[in-house]
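Colleague: After the structure tokens below, expect a handful of questions from me.
Taken together, the values in this text are just the output of simple stated rules run on the coordinates, not laboratory data. For clarity, every value in this text was computed on a predicted model and none was experimentally measured. Methodologically, a virtual Cβ is constructed for each residue, glycine included, from the backbone with ideal geometry; neighbour enumeration extends over all protein chains shown.
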Amino acid sequence: MAHEDKGHYAAKHKGRQINETIAKEIQALSDDNIIKCARVHGIGKQLNIAPSEIGVQTDLLEYRIADCQLGLFGYSDGKKRFDPDIEIAPDINELLDKKSKNGRISCLECWNIAKKLKIKRLVVGSACEKKNIRIKPCQLGAF
């Protein structure tokens, strides 16, 4: 949900209930009802629960996810974290062309590319931005 929807994230999940085990982990790792993307993924890994479910629970708590690891959202200045001057390496370019469809690619696929090429996720996010490839869906359900 967009910034203007702050405080209304739970509305995306009608009929869902807060899982107290997950909620405790989110609350322990958050600051002022904000939790970083990396921490949300860490909770999923720790509890062996899909990132999407941790994202749902974060929404149900009306917490905001910050510091997207691909550079898309959640930074205090409201700006994305892309490198506009990135020189896209041929291997990144090839994989993005291969894995994107109709100008879109999933967050998970971006992570897979970063892992395969042993590069930072932010580099993949910056390359997508430069190539006008929209990253969607988010593994956490933020967009």
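Colleague: On C-alpha positions alone, give me the angle between the axis of helix 51-60 and the longest principal axis of the chain, in degrees, nearest 10.
Modeller: So the helix axis and the longest Cα principal axis differ by about 50 degrees.
Colleague: Next question. Could you tell me which of rounded, prolate or oblate describes the range 80-143, using a ≥ b ≥ c as the square roots of the eigenvalues of the alpha-carbon gyration tensor, with rounded for a/c under 1.5 and, failing that, prolate when a/b is larger than b/c and oblate otherwise?
Modeller: Here the range 80-143 falls in the rounded category.
Colleague: Going highest first, how would you order 88-99, 68-79, 124-135, 10-21 by mean Cβ packing within 10 Å?
Modeller: Descending mean neighbour count gives 124-135, 68-79, 88-99, 10-21.
Colleague: For the range 37-46, just list the computed ³J(HN,Hα) in residue order, Karplus coefficients 6.51, -1.76 and 1.60, θ = phi - 60°, integers in Hz, with x standing in for Gly and Pro.
Modeller: 3J(HN,Hα) across the range 37-46, in whole Hz: 3, 4, 5, 4, 5, x, 5, x, 5, 4.
Colleague: List, in the order given, every pair from 14/79; 79/120; 101/130; 36/99; 36/80; 79/130 whose Cα-Cα distance in the structure shown is over 22 Å.
Modeller: Pairs exceeding 22 Å: 14/79; 36/99.
Colleague: What residues have an amide H closer than 5 Å to that of residue 134, excluding those fewer than 5 places away on the same chain, when H is modeled at 1.01 Å from N in the peptide plane?
Modeller: Answer set, sorted by chain and number: 104, 105.
Colleague: Okay, moving on. Tell me, how many Å apart are the Cα centres for the range 16-33 and for the range 53-120?
Modeller: Using only Cα atoms, the two centres lie 23 Å from each other.
Colleague: Return the long-range amide H neighbours of residue 34 (sequence gap of 5 or more, or a different chain), with a cut-off of under 5 Å between placed amide H atoms.
Modeller: So residue 34 has HN proximity to 64.
Colleague: Mind checking the angle between helix 107-117 and the chain's longest principal axis? C-alpha axes, 0 to 90 degrees, to the nearest 10.
Modeller: 50 degrees
Colleague: Over the Cα atoms of the chain, what is the Rg over Rh ratio if Rh follows Kirkwood?
Modeller: For the chain, the value is 0.99.
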